[in-house]
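Visitor: What follows is a single structure, and I will ask about it in a moment.
The values are calculated or read from the model by the stated rules, or taken from the named source; none is laboratory data. In this text, all values refer to a predicted model and were calculated from it rather than measured experimentally. Cβ sites come from the backbone with ideal geometry, for glycine too, and all protein chains shown count toward neighbours.
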Amino acid sequence: MPVSIRHGKRAGDWPVAIVRAKAVVANMSVVDKVALATGIGWKNGPCVGNTPAVPSINYPGLCLQDSPTGVRFADLVSVFPAGINIAATFNRTMMRARGLAMGVEFKGKGVNVALGPDINIVRSPRAGRNWETFGADPYLSGEASFETVTGLQANGLQACVKHYINNEQETNRSSSSSNVDDRTTHEIYLHPFLKAVQAGVVAFMCSYNRVNGTYSCENEHVLNDLLKGELGFQGYVMTDWWASLDTFGTLAANKGLDMVMPGEASPSANHSYFGPALVNAVKTGQVPTSRLDDMATRILAAYYVQGQDGNDYPSVNFDSWTSSRGKHVDVQSDHKKLIRSIGAASTVLLKNAGSQLPLGDNVRSVAVVGSDAGPNPKGPNSCPGRGCDVGILAVGWGSGTANFPYLVDPLSAITAKANSINATVFSSLNDTDLGAAKNVSSGKDVAFVFITADSGEGYITVEGNPGDRNDLNAWHSGDELVKAVAGVNKNTVVVIHAVGAIIMEAWIDHPNVTGVIYAGLQGQEAGNSLVDILWGDINPSGRLPYTIAKSPSDHSADISNGYNVDYTEGLYIDYRWFDKSNIAPRFEFGYGLSYTSFSYSALAIVYLGGGLGNEPQAPTGPGSSLSSWLHDDWMTVTFELTNTGSVDGVEIPQLYIVPPPSANSPPKQLRNFDSVFLQKGESSLAKMYLSRYSFAVWKSIEHRWEVPRGKYGVWVGASSRDRRLYGEIDV
Ligand code: BGC
């Protein structure tokens, strides 16, 4: 791995940092304490968020900067594969390595707080920011959150998980209310945030939307009861940028808000909810001094626990708004190697009829069709916020982006490969010129058709899509392009660069569509990552982090256009819904092919002992994250994996728990997975742990986790529908 962990896990350092922060806060003036909590205003500093220096305590202020894919508004940085792609690797080592490399880049630029990762859940497949997230399953998202935060923070950076909570669509995000029942909150949407807290994350960003009627940034239940109470979060909560608050915004402090960003109450306001208003509220007793002290303590403890007061923490050396003011520090190191390998490891092979892939070196003629195969003629950063879908799509749009140092397009990478094996490439990059597409494809050994679907943050509209996608179809008449090429070439391989699921019913069963590759959003090395897969230098092992349906209406949830975004489907999102309703997906959650094959055998479930723990639980309380008994190792599941094919490769075994009827839970839920490399012919023992929490359901009335008694299925498979082993256990 390109970077190393210098300080390791820091959660244990909190008590020391808090004692220190309290001692400092005890001697601070009200004005200085409020300064810690108040941004200096949009574009008034070099970063997207800035807090002022407080000379009395030798505190330089904070630089808070997007994004979850790289350092935004800076040069000489890397653009990493998107969150949805790192989720598709199902590989914790890569998740951590990506976080580490990003953390090094943020720190190298002098950023104090990285505004990421985005750990909302893919509820509706059309939601604009799905691509920033870790997919549709809370367990997978939770593992990715844990590893990403651990990596990001390992060298002293502060990570800020967002958008807390239930910001699962862009439409009306600043006014709508996400209405979610308590059990669903706990079992689906809160879990990734819990894992971030367990990783020691120091900051949270509360979301624009309301939760059950109250804005999340002034929602006492969400901030105080859940986050600071149940999850034991000891860091600080900042608003999303100008996040709305109701009339008495200053009093959001009393509800658990710790910092306003970027400072002013709205883009057009010249007052802040904090700043002088908070000073006044403390002086008049509307906000208790103890609350202000707590806010300041949380912000300072986060700074200390990450060691940012040490001499070696760089100061900000770039400027988001006036690039020439920066020092142009190159922080890329050799991260492009990691980016290329994550790009390949996150590529999902969906179809490989007749094992046409990987291609051999005997290929002589290659057709490359579609605008997504080529570069954006104006350059990869020519559209502000990446708000266009021109040329290779390697990230979505909005604040989740960064400036590409370069972007390897597929046509260049395929051409380079072709040149090395004396093959000739014929290309047509026009999406609607079907005649040209057919011309170049006809008679070639293989024809690649590139199609896309884009989405992003709601402040930009692209081709009529206002953040959330209008539909789940391929853009630029992609279906027509595929059909045209498949009409003339018997070896048509479709490559999809997209933010999430698309509907592919128009051509998926076409006999000439022999290959389908879901490349997602691979970041700056996209073309190279793809070639690694096409010619088999890397054996694909990506798995879908969401379900691809046959029809949009097969999903249980969609974007809501009204004030109320009712999560009436409850626990039943994505595969949980398809399973419950017996709907056949096109490609299920966890699905992905390999160039080799694997067999599973010898399932053994070993109960390690200990009671059910259904006795009244100790409060989870500050610092405890979740009652410890809940996540102790309780059971091991072992089985043998064998690579039975002819090439080396990685298998992603997935463990799902099938609950007894008394649990009233989805038919099965992912509770562990692994990424196992095996040479051809090799076998190894896979071992996975389960805790009581793996079996627990949240009892809203009793207000605790409980393991329902009964017979559970332990379902081990190669996807959420490809069961390979099954065992049962009574608990
Ligand atoms: C986004 C956040 C982002 C912030 C700062 C907001 O619009 O929702 O994700 O971190 O802007 O750019």
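Visitor: Can you say whether GLY435 is surrounded by fewer than 20 Cβ atoms within 10 Å (Cβ to Cβ) and closer than 30 Å to ALA74 by Cβ, as far as the supplied structure shows?
Guide: no
Visitor: Which of the numbered conditions does CYS217 fail, given that it passes all the others? Conditions: (1) under 30 Å from ARG92 (Cβ atoms); (2) buried (at least 24 other Cβ atoms within 10 Å of the Cβ); (3) not hydroxyl-bearing (Ser, Thr, Tyr).
Guide: Answer for CYS217: the failing condition is (1).
Visitor: Condition first: without any contact (Cβ under 8 Å) to a residue 12 or more places away in the chain, out of contact with any helix residue (DSSP H, G or I) (no Cβ under 9 Å at 6 or more places or on another chain) and either closer than 30 Å to HIS335 by Cβ or of a type outside the set (Val, Ile, Thr) (or both). Can you find one or more residues in segment 575-586 that meet it?
Guide: yes
Visitor: If the requirement is being modelled with pLDDT of 95 or more, under 27 Å from SER145 (Cα atoms) and not in a helix (DSSP H, G or I), which of these qualifies: ILE533, ILE503, ILE496, ILE508?
Guide: Values: ILE533 fails: not in a helix (DSSP H, G or I); ILE503 fails: under 27 Å from SER145 (Cα atoms); ILE508 fails: under 27 Å from SER145 (Cα atoms).
Answer to the selection: ILE496.
Visitor: Do you know which residues across segment 89-131 are within 24 Å of ASP330 (Cβ to Cβ), within 16 Å of the ligand (Cβ to nearest atom), part of a loop (DSSP other than H, G, I, E, B) and over 12 Å from the mean Cα position of the chain (by Cα)?
Guide: The answer is LYS109, VAL111, ASN112, LEU115.
Visitor: If we keep just the residues of segment 405-434 that are closer than 18 Å to VAL493 by Cα, in a loop (DSSP other than H, G, I, E, B) and among the aliphatic types (A, V, I, L, M), which is nearest to the ligand (Cβ to nearest atom)?
Guide: Per the stated criteria, the residue is LEU429.
Visitor: Can you find even one residue in segment 114-125 that is farther than 30 Å from HIS555 by Cβ and of a type outside the set (D, E, K, R)? Show your work before the answer.
Guide: So in segment 114-125, the residues farther than 30 Å from HIS555 by Cβ come out as 114.
So of that shortlist, the ones also of a type outside the set (D, E, K, R) come out as 114.
Checked against the condition, which is being farther than 30 Å from HIS555 by Cβ and of a type outside the set (D, E, K, R), segment 114-125 yields at least one hit.
Visitor: Here is a further query. Looking only at segment 452-467, which residues are within 20 Å of the chain's Cα centre (by Cα), more than 16 Å from the ligand (Cβ to nearest atom) and part of a strand (DSSP E or B)?
Guide: Listed by number, the residues that qualify are THR452, ALA453.
Visitor: Something else about it: Of the conditions (1) closer than 19 Å to HIS163 by Cα; (2) in contact (Cβ under 8 Å) with a residue 60 or more places away in the chain; (3) away from the ligand (no atom under 16 Å from the Cβ), GLN306 clears all except one; give me its number.
Guide: For GLN306, the exception is condition (1).
Visitor: Here's another thing I want to ask about it. Out of the residues in segment 377-404 that are β-branched (Val, Ile, Thr) and within 12 Å of GLU132 (Cα to Cα), state the one that is farthest from the ligand (Cβ to nearest atom). Before the answer, list the steps.
Guide: Applying the first criterion (β-branched (Val, Ile, Thr)) to segment 377-404 yields 390, 392, 395, 401.
With the extra rule that they be within 12 Å of GLU132 (Cα to Cα), the set shrinks to 395, 401.
Working: VAL395: 14, THR401: 10 Å.
Among those residues, the one meeting the criterion is VAL395.
Visitor: Within segment 673-690, how many residues are buried (at least 19 other Cβ atoms within 10 Å of the Cβ) and within 24 Å of ARG576 (Cα to Cα)?
Guide: 3
Visitor: Additional query: Can you find even one residue in segment 32-49 that is closer than 22 Å to LEU349 by Cβ and more than 16 Å from the ligand (Cβ to nearest atom)?
Guide: There is no residue in segment 32-49 that is closer than 22 Å to LEU349 by Cβ and more than 16 Å from the ligand (Cβ to nearest atom).
Visitor: Could you tell me whether SER176 is within 15 Å of the ligand (Cβ to nearest atom), over 21 Å from MET95 (Cα atoms) and touching a residue at least 40 places away in the same chain (Cβ under 8 Å)?
Guide: Numbers: within 15 Å of the ligand (Cβ to nearest atom): yes; over 21 Å from MET95 (Cα atoms): yes; touching a residue at least 40 places away in the same chain (Cβ under 8 Å): yes.
So SER176 passes the test.
Visitor: Which of the helices (runs of 4 or more DSSP H) found entirely inside segment 263-351 contain at least 2 residues meeting this: closer than 17 Å to ALA53 by Cα and touching a strand residue (DSSP E or B) at 6+ places or on another chain (Cβ under 6 Å)?
Guide: So the answer is 289-305.
Visitor: Another question, if that's okay. Go over the candidates GLY307, GLY285, GLY229, GLY275 one by one and state the one that is surrounded by fewer than 22 Cβ atoms within 10 Å (Cβ to Cβ), over 31 Å from the mean Cα position of the chain (by Cα) and small (Gly, Ala, Ser).
Guide: GLY285
Visitor: Could you please find all residues in segment 132-164 being buried (at least 24 other Cβ atoms within 10 Å of the Cβ), of a type in the set (S, T, N, Q) and more than 16 Å from the ligand (Cβ to nearest atom)?
Guide: Once the filter is applied, which keeps residues that are buried (at least 24 other Cβ atoms within 10 Å of the Cβ), of a type in the set (S, T, N, Q) and more than 16 Å from the ligand (Cβ to nearest atom), segment 132-164 yields SER141, THR150, GLN153.
Visitor: Let me ask something else about it. Looking only at segment 229-248, count how many residues are at pLDDT below 95 and either in contact with a strand residue (DSSP E or B) (Cβ under 8 Å, 6 or more places away or on another chain) or within 16 Å of the ligand (Cβ to nearest atom) (or both).
Guide: Summing the residues that are at pLDDT below 95 and either in contact with a strand residue (DSSP E or B) (Cβ under 8 Å, 6 or more places away or on another chain) or within 16 Å of the ligand (Cβ to nearest atom) (or both) in segment 229-248 gives 4.
Visitor: Between a first residue in segment 60-78 that is within 12 Å of the ligand (Cβ to nearest atom) and a second residue that is of a type in the set (Phe, Trp, Tyr), which pairs have beta carbons less than 8 Å apart while being 6 or more apart in sequence or on different chains?
Guide: Qualifying pairs under 8 Å: GLN65/PHE73; GLN65/PHE106; ASP66/PHE73; THR69/PHE80; PHE73/PHE318; PHE73/TRP321.
Visitor: Here is a follow-up. If I filter segment 139-186 down to residues being part of a strand (DSSP E or B) and more than 25 Å from ALA302 (Cβ to Cβ), which single residue comes out as nearest to the chain's Cα centre (by Cα)?
Guide: Top of the filtered list is SER178.
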